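Presented below is the structure to which this report refers.
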Amino acid sequence: MIRTKRTQFTKVISDINITPFTDVCLVLLIIFMVAYPKLSQERRYNVNLPKTTAAAAPMPTPVTVVIDKDTHLFVNDQQVKSFDELGERLTALHNKYQTEILTLRVDKSLPCQYFYSAIDTAKKSGIANFTLATEQAK
């Protein structure tokens, strides 16, 4: 029993203070809102990246090309049908962003020809530098 205001009668405080609970919920909501885009980006494509011991996070670039294990091509989350269309899209993005760096995410099970075709198409579009996304070996 809690005695209030120094009276001889005691009053039970039966209210629940939900302010700390609300604060924790809001903090968790913010954490998930910040973390979800990165998690969903990694799982969006069916790509098994090659593993290396010196893997680091790829540099953030405005242009990313993904080739999944079913040989579907994606440029900045939009699917393209062929390497010709890829070249047109890369030329447009190069003119828009004036970028010189392209990030390639190529499935490790694909032949190297897909990687070389993507590089060749990007060079024809005016992009000269590339980063290859890999995973850290355990």
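Kindly rank 77-89, 11-23, 101-113 from highest to lowest mean number of other beta carbons found within 10 Å of each residue.
101-113, 77-89, 11-23
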Can you list the HN-Hα couplings for the stretch 122-128, worked out from phi with the Karplus curve (6.51, -1.76, 1.60; θ = phi - 60°), rounded to whole Hz and with x for Gly and Pro?
5, 5, 5, 7, x, 8, 9
³J(HN,Hα) computed for each position of the stretch 62-72 - Karplus, 6.51 cos²θ - 1.76 cosθ + 1.60, integer Hz, glycine/proline x:
x, 10, 10, 10, 10, 10, 7, 5, 8, 6, 7
Residue span THR131 to THR91: 0.36 nm per residue of separation minus Cα-Cα distance leaves a gain in nm of 12.6 nm
Label point distance in nm, VAL27-ILE119, each placed 7 Å from Cα along Cα→Cβ
4.8 nm
Apply the Karplus curve 6.51 cos²θ - 1.76 cosθ + 1.60, θ = phi - 60°, to the phi angles in the stretch 101-114 and return the couplings in whole Hz, x for Gly and Pro.
10, 10, 9, 10, 10, 10, 4, 6, 7, 7, x, 4, 4, 5
For THR131, list long-range residues whose amide hydrogen, built 1.01 Å from N in the peptide plane, is under 5 Å from its own amide hydrogen.
LEU102, THR103, LEU104
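Bear in mind that the values in this text are calculations on the coordinates, not laboratory data. This one's a predicted model, so the numbers in the text were calculated from it and none came from an experiment. With ideal geometry, Cβ positions are generated from the backbone for all residues, glycine too; neighbour counts draw on all protein chains shown.
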